[in-house]
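Written out below as structure tokens is the structure these notes cover.
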Amino acid sequence: MTQIDAPQRFVLLDGVRGIAAVAIVHRHAEAFFGRPEASSYLAVDLFFALSGFVLAHAYGEKLAGRSATPFAFMKARFLRLYPLYAIALLSMALFFATLYYLDLPTPIDDLHRKISLAELAFALLTGVMFLPAPFTLTPNGALFLISPAWSLFNELVVNLAYAIKGARAGTKGIAVVLAASAVVLIFAAFHSGKLHLGFRWHEMYAGMGRVLFSFFAGVLIYRYRRVAMEVRLLLATLCLIIVGCVLSVPIEDDIRPYYDLLFVLLGWPLLLSICCAIAPGPWVARLSDFLGTASYAVYVLHIPLLAWTVFLFPALTEPEFAIYAGSVFIVVTVLLSWSLTVYFDQPVQKRLKRWLKAGASGDKAKASSLPEGV
């Protein structure tokens, strides 16, 4: 075993995030793979935990020491999420507009009726503001044109709470949040039979329970992590395999609430604690870096990509082609997402960071030029 200093980027966590994103794509690609029996929706809870850990690493000390304001933090979060989200939002709006002008019903869930332009315009407006709509046009009754955006909305809410109070909260305060949200999750799991909740209005309480528990578990794990990392090749590989297995194994309905609670309350925090303390070998690191780079784009873009693919090439969903076409769709989605991230999003993010720094420098210059007492 070789010990190394703590990195600025936890590469193995990138791999975990990437595998979780692919599991979500597989789940939503029902046209190719059929209705999923696995608890792959638990990838969202893993995303929340990873987000809490990474944001505590990147911003925790700055927010706690007030060298970064909640406003500056939230502005950075919106700008980080928005460029790829905007592409997905416009693509999905164009999809529904195309259905309207071709006089076709929406093929989603049980709606199967022609949508109105007023509905589409309102959903687009709320989507632009990262707010849920009062109705649904998208899979599973989600309240955003980009259905995965429900989790981004929940995360932004908890990001604001973290910026205002959570970054300076002590262990006891965070433990209270974890305990209260765990109670909500236990109730929700047994009331609904699973934790695949949070994307409809009547499930909002469960969605907030999911993000509060996992996000602040990630924050706490970061605070108590082992600083020196060990290179553990086999263990790092095993962690990635475990993530894939947990999210893909079919689960019977009678044990599903127990399974979901086990991994949300214990499994994911334990996995995160292990993964943040070890470094993978070179080839696992390269794979993790690739998957992590693509992961956000995969998550936010796969719904419009799936909608357009099924609409333009319906023959691909025929039983004799579906599994093969679905596998190709996942590979193409990951490759396209990586390319968009590297050649579009990352350059845009660099420009936005320079703009944020320039704005902050300008604010400081203005403040220093003010007369004393103003």
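Counting just the residues of the stretch 35-46 that are touching a residue at least 40 places away in the same chain (Cβ under 8 Å) and outside any helix (DSSP H, G or I), which one comes out farthest from F263 (Cα to Cα)?
E37
Go through the stretch 178-196 and give me each residue that's surrounded by fewer than 22 Cβ atoms within 10 Å (Cβ to Cβ) and among the hydrophobic types (A, V, I, L, M, F, W, C).
L178, A179, A180, A182, V183, V184, I186, F187, F190
Can you confirm whether the stretch 125-145 contains a residue that is out of contact with any helix residue (DSSP H, G or I) (no Cβ under 9 Å at 6 or more places or on another chain), surrounded by 15 or more Cβ atoms within 10 Å (Cβ to Cβ) and modelled with pLDDT of 90 or more?
Scanning the stretch 125-145 turns up at least one residue that is out of contact with any helix residue (DSSP H, G or I) (no Cβ under 9 Å at 6 or more places or on another chain), surrounded by 15 or more Cβ atoms within 10 Å (Cβ to Cβ) and modelled with pLDDT of 90 or more.
Do we find that V54 is open to solvent by 30 Å² or more (accessible area, probe 1.4 Å), more than 28 Å from L124 (Cβ to Cβ) and among the β-branched types (V, I, T) in this structure?
Criteria met by V54.
For the stretch 259-302, which residues satisfy the criterion of being out of contact with any helix residue (DSSP H, G or I) (no Cβ under 8 Å at 6 or more places or on another chain) and either aliphatic (A, V, I, L, M) or at pLDDT 95 or above (or both)?
Y259, L262, L266, L270, A277, R286
Consider G60 carefully, then state whether it is open to solvent by less than 20 Å² (accessible area, probe 1.4 Å) and farther than 20 Å from F130 by Cβ.
Yes, satisfied.
Among what's in the stretch 300-335 and is open to solvent by 70 Å² or more (accessible area, probe 1.4 Å) and among the aliphatic types (A, V, I, L, M), pick the residue that is farthest from L84 (Cα to Cα). Break it down stepwise before answering.
Taking the stretch 300-335 as the starting set, the residues that turn out to be open to solvent by 70 Å² or more (accessible area, probe 1.4 Å) are 312-314, 318-321, 323-324, 328, 331-332, 335.
Next, from what is left, pick out any that are among the aliphatic types (A, V, I, L, M): 312, 323, 328, 331-332, 335.
Working: L312: 22, I323: 28, V328: 22, V331: 19, V332: 17, L335: 15 Å.
Of everything passing the filter in the stretch 300-335, I323 is farthest from L84 (Cα to Cα).
For the condition under 22 Å from F153 (Cα atoms), open to solvent by 10 Å² or more (accessible area, probe 1.4 Å) and in contact (Cβ under 8 Å) with a residue 24 or more places away in the chain, what is the one hit in A72, A31, A49, A21?
A72
At least 2 residues that are closer than 19 Å to A58 by Cα and open to solvent by less than 60 Å² (accessible area, probe 1.4 Å) in each: list the helices (runs of 4 or more DSSP H) lying fully within the stretch 201-288 that qualify.
Because the criterion is at least 2 residues that are closer than 19 Å to A58 by Cα and open to solvent by less than 60 Å² (accessible area, probe 1.4 Å), the helices (runs of 4 or more DSSP H) in the stretch 201-288 that meet it are 204-223, 268-275.
The values are calculated or read from the model by the stated rules, or taken from the named source; none is laboratory data. What you see is a predicted model, and the numbers here were worked out from it, not measured in a lab. Cβ coordinates were reconstructed from backbone atoms using ideal geometry, including for glycine residues, and neighbour counts include every protein chain displayed. The protein model used for the area step is the full one, side chains on, heavy atoms only, and it has no ligands, DNA or RNA in it. Shrake-Rupley method; radii C 1.70, N 1.55, O 1.52, S 1.80 Å.
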